[in-house]
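So the structure is just underneath, and the comments pick up after that.
The values are calculated or read from the model by the stated rules, or taken from the named source; none is laboratory data. Please read these numbers as outputs of a predicted model, since none were measured by experiment. So basically every Cβ, Gly included, is an ideal-geometry build from the backbone, and we count neighbours across all protein chains shown. Only protein heavy atoms, including side chains, enter the accessible area calculation; ligands, DNA and RNA are left aside. Shrake-Rupley method; radii C 1.70, N 1.55, O 1.52, S 1.80 Å.
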Amino acid sequence: MEHRIRAAGILLNNDAILMVKVKDYTGEYWIPPGGGLEAGDRSTKGALEREFEEETGLKVEVGQLICVREFVEAEPERYHAEFFYQIDSYTGEIHINNLQGLTDEHFIQAVEWVELKSLKQKRTYPSDLHDILVPNVISKTYSLHLGCYVQGSDEQTNHLDKPSE
């Protein structure tokens, strides 16, 4: 079975959350911005910074780890481990112009601020986004992340909090 590590960001602004509207063979649904680790990514936080800018046009400061979720995708059969982080701050204007030529160009339909009160009525992944993740961000309830290290020659440097190279 193939494996995929993904990082996603929860960005709240007043009473709204930034969400990506996507479409696949199952229909349309909403997910927090983020994506899979790629060659050159040193950590899930670094991957999230890159993915957030690709998908939304925003440069972000990634904060605390909120939670980890695992699931098996049916088509193709693939195991996922997802790391959800709070987004502490951002700069820029929302757009999807960066998607041209990328694999997500036809998958991502829109990026929008979605009012929290309407989130529960939308098809979202994770499905407990409204009931668990958003309240955890608001209450500052986080998970423990021990860091991201390179085994061998540089075991002291925590790459989790270093900017992407």
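Full extension of the chain between residue 104 and residue 131 gives 7.0 nm of extra length, using 0.36 nm per residue less the Cα-Cα distance. For the stretch 80-148, what log10 I(q)/I(0) values come out of the Debye formula at q = 0.13 1/Å, with one point per alpha carbon and no solvent? Log10 of I(q)/I(0), two decimals: -0.56.
The largest accessible area among 58, 116 belongs to the first residue in 116, 58, and the rest follow in falling order (1.4 Å probe, all chains).
Can you sort 144, 99 by 1.4 Å-probe accessible area, starting with the largest? Mind showing how you got there, number by number?
Details: 144 145, 99 5 Å².
The ordering from most to least exposed comes out as 144, 99.
Report the local net charge at residue 67: Lys and Arg +1, Asp and Glu -1, summed over other residues whose C-beta lies under 15 Å from its C-beta.
Numbers: positive: 6, 45, 69, 140; negative: 70, 82, 128, 131.
Summing Lys/Arg as +1 and Asp/Glu as -1 gives 0.
In the elastic network of the chain, a GNM with C-alpha springs shorter than 10 Å, the most mobile of 55, 70, 82 is 70. Using heavy atoms of the protein chains and a probe of 1.4 Å, the accessible area assigned to residue 122 is about 70 Å². Using a simple spin-label model with pseudo-atoms 7 Å out from Cα toward Cβ, residue 146 and residue 88 lie 2.3 nm apart. For the stretch 1-19 versus the stretch 122-140, the inter-centroid distance based on Cα atoms is 10 Å. Considering all different alpha carbon pairs of the chain, the Kirkwood hydrodynamic radius works out to 16.4 Å. Between the helical axis of 44-56 and the longest alpha-carbon principal axis of the chain there is an angle of about 30 degrees. Only beta bridges with both residues in the chain are counted; by DSSP, about 75 percent of them are antiparallel.
Counting only heavy atoms of the protein chains, get the accessible area per residue of the chain (1.4 Å probe) and round it to a whole Å² value. Before the final figure, lay out each step's value.
Numbers: 9360 Å² over 165 residues.
Ligands and nucleic acids excluded, the figure is 57 Å² per residue.
Tally Lys and Arg at +1 and Asp and Glu at -1 over the other residues with C-beta under 13 Å from the C-beta of residue 21: what net charge comes out? Summing Lys and Arg as +1 and Asp and Glu as -1 gives -2.
Hey, what number do you get for the chain at 222 nm if only DSSP H runs of n ≥ 4 count, each worth -39500 (n - 2.57), divided across all residues, to the nearest 500? List each step's numbers first, then the result.
Working: 3 runs with 22 residues, N = 165.
Value at 222 nm, helices only: -3500 deg cm²/dmol.
Net charge of the neighbourhood of residue 30, taken over other residues with C-beta under 11 Å away and scored Lys/Arg +1, Asp/Glu -1, is +2. Extension gain, residue 115-residue 79: 0.36 nm per intervening residue step, less the Cα-Cα distance, totals 9.9 nm. In this structure residue 139 has an accessible area near 70 Å², from a 1.4 Å probe over the protein heavy atoms.
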